[in-house]
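The structure that follows is given in the form of structure tokens.
The values are calculated or read from the model by the stated rules, or taken from the named source; none is laboratory data. No experiment lies behind these values; they were computed from the predicted model shown. Here the Cβ positions follow ideal geometry from the backbone for every residue, glycine too, while neighbour counts run over all protein chains shown. For the accessible areas, the whole protein counts, side chains as well, though only heavy atoms, and no ligand, DNA or RNA atoms are used. Shrake-Rupley method; radii C 1.70, N 1.55, O 1.52, S 1.80 Å.
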Amino acid sequence: MLIKKVSVLVTMCIFLAACGSGSGGSGLSEVKGWSHLQTISFTADSANITIGSSRTIAASNGEGSGTITYTSSDTSIASVSVEALVSANALGTVTITATKAADSIYSEASATISVTVDPLKEQTISFPNPAISMEIGTAQTVVASGGDGTGVISYTSSDENVLTVSSEGLLTAITLGSAQITAVMAADSEYQEATASTTVTVVAGVVALDPPVITLRSTGNARAMIGWSGVGNATGYSLYIAQESIDSADNYASLIGGDLILNATSPYSLTGLTNGETYYIAVTALAGTDESNLSNELTVVPKNPLNDTGLLRSGNAGSGTNATCTTAVNNDGHVPQDCDQGRDADLTITKVGAGVAGFDFTKLGSDGSLLTVQDGAWAVDGSEAAGTRWSCVRDNNTGLVWEMKTEADTGVHATNAKVIWDDRNVLAETSNAEALCGIQTWRVPTVVELATIVNANRLDPALDGNRFPNGAGSHWASVPVAGDAANGWVVNFFAGIPILKAKSAPMSQRLVTGEYQANDTSDDRYTVIDGTVTDGVTGLMWKRCPEGLEGSDCSVGAAGLLIWGGSMKRARDSEFAGYTDWRLPNMKELLSIVAFDQSSPAINTTVFPGSTEIFWSSTPKYVTTGGQSYIVNFAQGIHQPKTRSTQKGAQRLVRDAD
């Protein structure tokens, strides 16, 4: 509807002929001082204009000759010029009024229009990809597109040291890194400014990556350590592990136990493995997005190199050994000792074979096959078929295989076939020629290896008699005594302890075969962190300094020498490094850190500085009426029983690392 303002002249002229008194004329007479109505109008009731722009919004001219002027109801929102040019200044709505002046004939007239100032319209632009990868030294054009306006798109880089960009979107990769490229489309009269961004990563050029060559540095209790040499141009490595052979890095996740470890570094320690399970391991080299082929594949079967002691009895604080593992040392709360710890105390363990306490052995025939009958008792006239004769015993915990000793005077494997130190390798040579149990890698065991089969819950022999009959006496170990040319190491299987014997004295032998990691006590085996030492083979964590000593070299303070009961209480109550499960080690655990290639002290002093000689173990001596427990003398590594109520020793605390 047109809006009009009309000046109404209420003047009535009745028959102009009658208004005058002219004589003789018949035409109309002239009327002066009267105005006629006129109208002006806008073409619409309302109009819209975008903020910041101008637009001519004029009214129609009307019939008269008067000038039209324009006014705005709020010039802060929109102003209007005499030529009807409306300029949008702020968001809102105003009324524009047009007024046509009266003239000699026509009256004044006016019209209005509602003008709304609108915001600029939104618009969007985008890059083809939210992220882009480029090689150093290359260039490519990447432009943003979209937007409905006419504004020009410009480009900037967040880091021109890494990446530059031209006004046309030409990217040039300068160095390794990443930068954000931002595109800005300028606003115009109708549309707002629009932005978009993409992240560009500059990577090394395609390189030829050789696969790494990996080696098994060590394996032990629920763990394995893998090592490899660096590959030229590689910036990182990925480690793949599964319980099936890994034929491709692409399908590792579909394999049983398949897992990928990113950013692996050599040497890499795998923990939390299951002893006795088979694991397959491979490594690839990386350079940016490039990945090499798989390395050689390692097959690892982790084993615990330390059997538990087999001790099922506890020792009283003063004297005597209890028939069972009771809370004997029980002053201000139970004090854990040997029989409380490890596999021997675990009533839920599942064994591959059989054995007392935590031991797990399997009997083998002369060709290495498992005997069908495993629970038969040894008999002089027995047979493999009946399970009453066997040639070897496999330790399912450590993975070692042991020669079986026969009765006295029954050939080279007889228990009384003794030799002096210099002849200790003859039996191994004979057994390899014989291919005993299908094996040709027989050797004389180390002290630590011999100690793995010691059963501290009995004497004469201190062995699992159902698996190792004919086993009493002292058996040569392979290692010499550091600093002592006259004596050699033996393990005395009457009591089950390592001692020294003259090299000229005839001693028994028990051969072994298999890989064993706990003989090497060099630095690579251990990880030292915050006063603790983690053994990468046994899985034990040691307090680095003996109790009472502290400092980076354990030189501050004095070693706390206590009787046995007091030593175990001190271990129980320790909260060193935030752990509350410290304990005294058993005799085999303490033996595992003896360095047999040195003496006084016989321990790696880089890893374990501040060493004293006499350390209590948590293992009481198996004598019902006795009052002794075992110490390890680190002058050489000898095990000795000491009176627990009067003699004093130092404490070296241990806990399970995992």
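Considering only the stretch 622-632, I want to know if a residue exists there that is at pLDDT 90 or above, surrounded by 23 or more Cβ atoms within 10 Å (Cβ to Cβ) and aliphatic (A, V, I, L, M).
The answer is yes; a qualifying residue exists.
Assess whether V115 counts as being at pLDDT 95 or above, under 19 Å from T289 (Cα atoms) and either β-branched (V, I, T) or outside any loop (DSSP other than H, G, I, E, B) (or both). I'd like the intermediate steps shown before the answer.
Values: at pLDDT 95 or above: yes; under 19 Å from T289 (Cα atoms): no; either β-branched (V, I, T) or outside any loop (DSSP other than H, G, I, E, B) (or both): yes.
Judged against the criteria, V115 is not a match.
Output the strands (runs of 3 or more DSSP E) that fall wholly within the stretch 156-271 and possess 2 or more residues being farther than 26 Å from T289 by Cβ, or say none. Break it down into steps so the answer makes sense when it comes.
Details: elements: 163-165, 170-173, 177-185, 194-203, 214-220, 223-228, 236-242, 259-261, 268-271.
Filter on the stretch 156-271 gives 177-185, 194-203, 214-220, 223-228, 268-271.
Identify, from the list E135, E83, the residue that is under 30 Å from A179 (Cα atoms), of a type outside the set (G, A, S), open to solvent by 30 Å² or more (accessible area, probe 1.4 Å) and at pLDDT below 95. Please lay out each step first, then the result.
On the way: E83 fails: under 30 Å from A179 (Cα atoms).
So the residue among E135, E83 that is under 30 Å from A179 (Cα atoms), of a type outside the set (G, A, S), open to solvent by 30 Å² or more (accessible area, probe 1.4 Å) and at pLDDT below 95 is E135.
A further question on this structure: Given L286, L298, L311, which one is touching a Cys at 6+ places or on another chain (Cβ under 8 Å) and of a type outside the set (S, T, N, Q)?
L311
Which ones in the stretch 232-273 are farther than 24 Å from L209 by Cα and open to solvent by 60 Å² or more (accessible area, probe 1.4 Å)?
Once the filter is applied, which keeps residues that are farther than 24 Å from L209 by Cα and open to solvent by 60 Å² or more (accessible area, probe 1.4 Å), the stretch 232-273 yields Q243, E244, S254, I256, T271, G272.
Checking the structure you have, find out if any residue of the stretch 485-492 is surrounded by fewer than 22 Cβ atoms within 10 Å (Cβ to Cβ) and small (G, A, S).
Yes: one or more hits.
I'd like to know if the stretch 527-537 contains one or more residues that are within 30 Å of W582 (Cβ to Cβ), in contact (Cβ under 8 Å) with a residue 40 or more places away in the chain, open to solvent by 20 Å² or more (accessible area, probe 1.4 Å) and not in a strand (DSSP E or B).
Looking through the stretch 527-537, at least one residue is within 30 Å of W582 (Cβ to Cβ), in contact (Cβ under 8 Å) with a residue 40 or more places away in the chain, open to solvent by 20 Å² or more (accessible area, probe 1.4 Å) and not in a strand (DSSP E or B).
So, in the stretch 147-173, of the ones that are touching a residue at least 24 places away in the same chain (Cβ under 8 Å) and of a type in the set (S, T, Y), which residue ends up nearest to L120 (Cα to Cα)? Show your work before the answer.
Going residue by residue through the stretch 147-173, those that are touching a residue at least 24 places away in the same chain (Cβ under 8 Å) are 147-158, 162-163, 168-173.
When the remaining residues are screened for being of a type in the set (S, T, Y), the result is 150, 154-158, 172.
On the way: T150: 13, S154: 20, Y155: 22, T156: 24, S157: 27, S158: 28, T172: 35 Å.
This residue is T150.
Between a residue in the stretch 629-651 that is on the phi > 0 side of the Ramachandran plot and any residue that is assigned to a strand (DSSP E or B) and buried (at least 22 other Cβ atoms within 10 Å of the Cβ), which pairs come within a Cβ distance under 8 Å, given they are 6 or more apart or on different chains?
G637/P498
Hey, among G276, G288, G320, G342, which residue is at pLDDT below 95, open to solvent by less than 60 Å² (accessible area, probe 1.4 Å) and touching a strand residue (DSSP E or B) at 6+ places or on another chain (Cβ under 6 Å)?
Working: G276 fails: touching a strand residue (DSSP E or B) at 6+ places or on another chain (Cβ under 6 Å); G320 fails: touching a strand residue (DSSP E or B) at 6+ places or on another chain (Cβ under 6 Å); G342 fails: touching a strand residue (DSSP E or B) at 6+ places or on another chain (Cβ under 6 Å).
Sole residue among the options that is at pLDDT below 95, open to solvent by less than 60 Å² (accessible area, probe 1.4 Å) and touching a strand residue (DSSP E or B) at 6+ places or on another chain (Cβ under 6 Å): G288.
This table checks each residue for (1) surrounded by 14 or more Cβ atoms within 10 Å (Cβ to Cβ); (2) among the β-branched types (V, I, T).
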site: E63; (1), (2): yes, no
site: Y70; (1), (2): yes, no
site: T75; (1), (2): no, yes
site: A78; (1), (2): yes, no
site: S87; (1), (2): yes, no
site: T97; (1), (2): yes, yes
site: A102; (1), (2): yes, no
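Quick one: which of L591, L549 is over 31 Å from the mean Cα position of the chain (by Cα) and open to solvent by 10 Å² or more (accessible area, probe 1.4 Å)?
Values: L591 fails: open to solvent by 10 Å² or more (accessible area, probe 1.4 Å).
Being over 31 Å from the mean Cα position of the chain (by Cα) and open to solvent by 10 Å² or more (accessible area, probe 1.4 Å) holds for just one of L591, L549, which is L549.
Out of the residues in the stretch 42-52 meeting the condition of being surrounded by 14 or more Cβ atoms within 10 Å (Cβ to Cβ) and more than 60 Å from the chain's Cα centre (by Cα), tell me which one is nearest to Y191 (Cα to Cα).
Residues of the stretch 42-52 surrounded by 14 or more Cβ atoms within 10 Å (Cβ to Cβ): 42, 47, 49-52.
Still in the running and more than 60 Å from the chain's Cα centre (by Cα): 42, 47, 49.
Values: F42: 27, A47: 18, I49: 12 Å.
Filtering the stretch 42-52 for residues that are surrounded by 14 or more Cβ atoms within 10 Å (Cβ to Cβ) and more than 60 Å from the chain's Cα centre (by Cα), the one nearest to Y191 (Cα to Cα) comes out as I49.
Write out, first by first residue and then by second, each pair whose Cβ atoms fall under 8 Å of each other, whose residues are 6+ apart or on separate chains, and whose first residue, in the stretch 429-452, is over 12 Å from T513 (Cα atoms) while the second is of a type in the set (F, W, Y) and surrounded by 24 or more Cβ atoms within 10 Å (Cβ to Cβ).
If the second residue must be of a type in the set (F, W, Y) and surrounded by 24 or more Cβ atoms within 10 Å (Cβ to Cβ), the pairs left are V447/W489.
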